[in-house]
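Worksheet: the structure to be examined is printed underneath.
The values are calculated or read from the model by the stated rules, or taken from the named source; none is laboratory data. Keep in mind that what you see is a predicted model, and the values were worked out from it rather than measured. Positions of Cβ are backbone-derived with ideal geometry, glycine not excepted, and every protein chain shown enters the neighbour counts. All accessible areas refer to the heavy atoms of the entire protein, side chains included, with ligands and DNA or RNA removed. Shrake-Rupley method; radii C 1.70, N 1.55, O 1.52, S 1.80 Å.
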Amino acid sequence: MSASAATRLTGRAATNTVVAVFVLYTLLPVAWLVLAAAKDADALFSSRLLSLEGFTPVSNIGDLFATDGGIYGRWYLNTLVYAVGGAALSALVSTACGYAFSTYRFRHKEKLFGLVLAAVMVPQTVLALPLYLLASSLGVVNTFWAVFIPLLFNPFGVYLGRIFSDGYVPREVLEAARMDGTGELSLYFRVAFGMLLPGAVTVFLFQLTAIWNNFFLPMVMLSDQELYPVTLGLYNWNSAATTSPEYYPVVITGSLLAVLPLIVAFLMLQRFWRSGLTAGAVK
């Protein structure tokens, strides 16, 4: 074997080893969560977690939706409304703003877009207190709107919207539509948005994941458990488990159910976001 072939094999083996380590690092917690969510409490707190005994997934799900009067179902519904509704509206707003930055000329356009890029670097936790004070002055603290409205504005989505518009919307098509008498609003929804759909789905998935995992903003804004998302509800149950261990099994089962919608969304929409992620690579 030549020295160059041996070097390539060594490099490939090293790469495969690193990839395998990262795959195990990612999948082992998921495998533990699946096994733990399917076991009864006795197996969970013993060394029989990896054995074939004590599998009670149906019973665990029943206990989950029966705990504290079945409030987990309400948390799940709240999260679906926050995440799906918020991500959909956020994707529409972001792509429309990005389209405007890409298509139209107006004063201080690049300076305003620079502010958008600067806002991308601001952590969401930094904004939680100002948002709380603003919501308090408007009298909407501890309401659905206190959590839902801030989720609609996503600077990173606006940035992606402009990139998608630059890469996917030919200016010749827009000019031809204008010459045919198409208005600007109709031009966006009937012509441009179809081309921007892969980008909108990509923004939707990014925002869906961010909202679904959102924790700090609801914790600051909400005190009514009926309005909690899954993340905040499971956090409260996990805190209660330190004094009431019976909460541990429902926290684990609830955590497993909480990740399923994200997996389903990525699988169903993968053909859109795969093409969307390449937007701007070729113009």
Simple spin-label estimate for M121/S223, 7 Å along Cα→Cβ, in nm, reads 3.8
Dipole magnitude of the chain about its Cα centre, charges +1 at Lys/Arg Cβ and -1 at Asp/Glu Cβ only, in debye to the nearest 20? 1240
Length-normalised contact order of the stretch 26-148, Cα under 8 Å, at least 6 apart, in percent, tallies to 14
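For the chain, which whole percent of the accessible surface, found with a 1.4 angstrom probe, sits on carbon and sulfur atoms?
About 70 percent, which is the carbon plus sulfur part of the accessible surface.
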Can you give the accessible area of S136 in Å² (nearest 10), computed on protein heavy atoms with a 1.4 Å probe? 60
Over the chain: helical MRE at 222 nm, DSSP H runs n ≥ 4 each giving -39500 (n - 2.57), nearest 500: -22500 deg cm²/dmol
Would you be so kind as to identify all helices of the chain, as entire DSSP H runs, whose Cα atoms reach 24 Å or more along the helix's own axis and whose mean Kyte-Doolittle hydropathy is at least 0.5? 3-38, 86-103, 193-212, 247-268
Hey, in the GNM for the chain with a 10 angstrom Cα cutoff, which one of A200, A38, A118 fluctuates hardest? A118
Could you work out which residue, out of G62, G254, G233, moves most in a Gaussian network model of the chain, that is, has the largest mean-square fluctuation with Cα springs under 10 Å? G62
Accessible-area value, M268, 1.4 Å probe, nucleic acids and ligands omitted, Å²: 140
Hey, in the GNM for the chain with a 10 angstrom Cα cutoff, which one of L197, L115, L151 fluctuates hardest? L115
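Once R0 is set to 22 Å, what does the formula 1/(1 + (r/R0)^6) return for the Cβ-Cβ distance between T15 and Q270, expressed as a FRET efficiency to the nearest 0.05?
Values: r = 25 Å, r/R0 = 1.13.
Here the calculated transfer efficiency is 0.35.
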Which FRET efficiency value, to the nearest 0.05, is calculated for T143 and N213 with the Förster distance at 22 angstrom and r the Cβ-Cβ distance? 0.55
If you count only protein heavy atoms and use a 1.4 Å probe, how large is the accessible surface of D166, to the nearest 10 Å²? 50
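Taking a 1.4 Å probe, which of T182, T125, T79 shows the most accessible area, and what order do the others take after it? Could you put the intermediate results ahead of the total?
On the way: T182 40, T125 85, T79 5 Å².
Accessible-area ranking of T182, T125, T79, largest first: T125, T182, T79.
Can you tally the net charge around V191? Count Lys and Arg as +1, Asp and Glu as -1, for every other residue whose Cβ sits under 13 Å from the Cβ of V191. Each step should come with its number before you reach the end.
Details: positive: R171, R178, R190; negative: E172, E175, D180, E184.
Around V191, the surrounding residues sum to -1.
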Once normalised by the length of the stretch 64-282, the mean sequence separation of its alpha carbon contacts under 8 Å that are 6 or more apart gives a contact order in percent of 34
What's the magnitude of the charge dipole for the stretch 130-283 around its Cα centre, counting Lys and Arg as +1 and Asp and Glu as -1 at the beta-carbon? Answer in Debye, nearest 20. 440
